[in-house]
1. If we keep just the residues of the stretch 418-438 that are open to solvent by 70 Å² or more (accessible area, probe 1.4 Å) and free of Cβ contacts under 8 Å to residues at least 40 places away in the same chain, which is nearest to residue 360 (Cα to Cα)?
2. Look through 299, 335 and report the one residue that is over 30 Å from residue 383 (Cα atoms) and touching a helix residue (DSSP H, G or I) at 6+ places or on another chain (Cβ under 8 Å).
3. Regarding residue 44, is this residue more than 16 Å from the ligand (Cβ to nearest atom), in contact with a Gly (Cβ under 7 Å, 6 or more places away or on another chain), open to solvent by less than 50 Å² (accessible area, probe 1.4 Å) and touching a residue at least 40 places away in the same chain (Cβ under 8 Å)?
4. Does residue 55 count as farther than 30 Å from residue 171 by Cα and assigned to a helix (DSSP H, G or I)?
5. Quick test for you: out of 206, 162, 169, pick the one residue that is open to solvent by less than 40 Å² (accessible area, probe 1.4 Å), touching a strand residue (DSSP E or B) at 6+ places or on another chain (Cβ under 7 Å) and within 16 Å of the ligand (Cβ to nearest atom).
6. May I ask you to verify whether residue 373 is in contact with a helix residue (DSSP H, G or I) (Cβ under 6 Å, 6 or more places away or on another chain) and assigned by TED's automatic domain parsing to the domain that holds residue 454?
7. Can you spot a residue in the stretch 65-85 that is of a type in the set (S, T, N, Q), touching a helix residue (DSSP H, G or I) at 6+ places or on another chain (Cβ under 6 Å) and at pLDDT below 95?
8. List the pairs whose first member sits in the stretch 374-392 and is in a loop (DSSP other than H, G, I, E, B), whose second member is of a type in the set (Asp, Glu), and whose Cβ atoms are under 8 Å apart, counting only residues at least 6 apart or on separate chains?
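The values are calculated or read from the model by the stated rules, or taken from the named source; none is laboratory data. Computed from a predicted model, the values in this text were never measured in an experiment. Cβ placement follows ideal geometry from the backbone for every residue including glycine, while neighbour counts extend to all protein chains displayed. Heads up: the accessible areas ignore ligands, DNA and RNA and are worked out on the full protein's heavy atoms, side chains in. Shrake-Rupley method; radii C 1.70, N 1.55, O 1.52, S 1.80 Å.
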Amino acid sequence: MTLLDERPVATAFLPVPGRPLPVVGAGRRAPLATGGTTAYADLDVAASAPCLQAVADAVAEALPWYASVHRGAGYASQVSTELLEQARAGVAGFLGCRPGDQVVFTRNTTDAFALLAHCLPAGTTVVSYASEHHANLLPWRGHAERGGRHVLLAVPASPQAALDALEGALRGLHGPVLVAVTGASNVTGEVWPVEQVVALARRYGARVAVDAAQLAPHRVVDLRALGADWVALSGHKLYAPYGAGVLAGRADWLDAAGPYLPGGGATTAVTTAGQAWAAGPARHEGGTPNVLGAVAIAVACAQLEAAGRAALERREHALLARLEAGLASVPGLRVHRLWGEAVERIGVATFTVEGWDPALLATALSAEHGVGVRHGRFCAHPLVDALLDCERPVDGCGDAASGTALRASIGVATTEADVDALVGGLRALTQAGPRAQYTRTSTGWAVASDARPSAAGTAARILRRQTHQ
Ligand SMILES: Cc1ncc(COP(=O)(O)O)c(C=O)c1O
């Protein structure tokens, strides 16, 4: 019996070892400010990665069955409920969850850490490093403002210094302690010594939450093997940009806390006098869950596993070596790292070029070479300040060039040609200067005479088609 088209669409793009994974938008062309188009080189995947083709196909396949979850008797509701719960199980497998661990679907990593901060028992001390992304820094500051404690360790000069500082902090602490650490830096790409952090934390009875927003798309993150308590990630960085993220790990603090989003779904019974809260993931997933976001993440996890994590890693190492060699060939360019060459890195490189405002360079790379990179402080202001040796007042975040950098990042769909386009663009710009004229704007730089269709116009066209068809 065929209900709808039952071709196994999600397996139609089984990855070919050693080749980029198929993504939506691969092969798209970028318009140039100077006229014409060129192949678009997306080297900003650490911010948001393109959607895997298999993810988009699976979501399209799920859509006809999209309906309410958990409370619907209709067949589509039952399929949607199964999609959500099977996706949860798939993500649990991908992250090496142990029996009793929970997978809570959130909006993203920021939301996952806000949820964990909400669940901290009274009197918890959170220990983290100043080098963290703001998502793994500001929630703990909020926790301190609500009467908890936050110990912020300085940006460490080496992995060993990170461990020494942590041990120094843990030695004097009492009561519940959470160490919140990144798996890989979104600025330097350096992989943190998470296993040693966990071992150290265990010696002092502390728990560990790992920010895997950057690590999970590049390396295996296995809670059982790491021994960590929680892991957080974002679907949009894992080739699944449908608005969902994950907090996975130990259930006890989550079940003991009040619901993160009180409302429908988070309760088992409500009377005029009170309510009973649900246990398990539902407790913190109040409101209607993002089923398609969960499906997208689970399919992305399955695709990365099908591609072979080791094969993906080998390919990434080769591309990173090409990128780093190319960057080293650009006069005046400096790559910024905390810990030097020997430390393992994911495909991320942050750099500055002498005499260039990073914002202007990023604008010109896009306008003249079709290359997408990021510039700024990457939501890790204290780390970038430390890397660039820049002291700023708290209200100095919006100022222009000083204390900012560019970041190139590579992922499973990046090609050698993408890397070469960046390096070629940098060489051309630094040697011959820009071909177009640029003017300063309140937010950065703009091309004085731009032949490209405006981004606003392109967006408006997409939206109009959706609302008028
Ligand atoms: C290491 C790291 N942690 C957390 C986040 C926050 O992720 P999101 O913006 O998806 O919440 C990011 C995003 O750049 C990140 O790179």
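1. Per the stated criteria, the residue is 437.
2. When all the criteria are applied, what remains is 299.
3. Spelling it out, it is not the case that residue 44 is more than 16 Å from the ligand (Cβ to nearest atom), in contact with a Gly (Cβ under 7 Å, 6 or more places away or on another chain), open to solvent by less than 50 Å² (accessible area, probe 1.4 Å) and touching a residue at least 40 places away in the same chain (Cβ under 8 Å).
4. yes
5. Result: 162 is the single residue among 206, 162, 169 that is open to solvent by less than 40 Å² (accessible area, probe 1.4 Å), touching a strand residue (DSSP E or B) at 6+ places or on another chain (Cβ under 7 Å) and within 16 Å of the ligand (Cβ to nearest atom).
6. The answer is yes for residue 373.
7. Yes, the stretch 65-85 contains a residue that is of a type in the set (S, T, N, Q), touching a helix residue (DSSP H, G or I) at 6+ places or on another chain (Cβ under 6 Å) and at pLDDT below 95.
8. Final answer for the pair search is 377/385; 380/132; 391/385; 392/385; 392/399.
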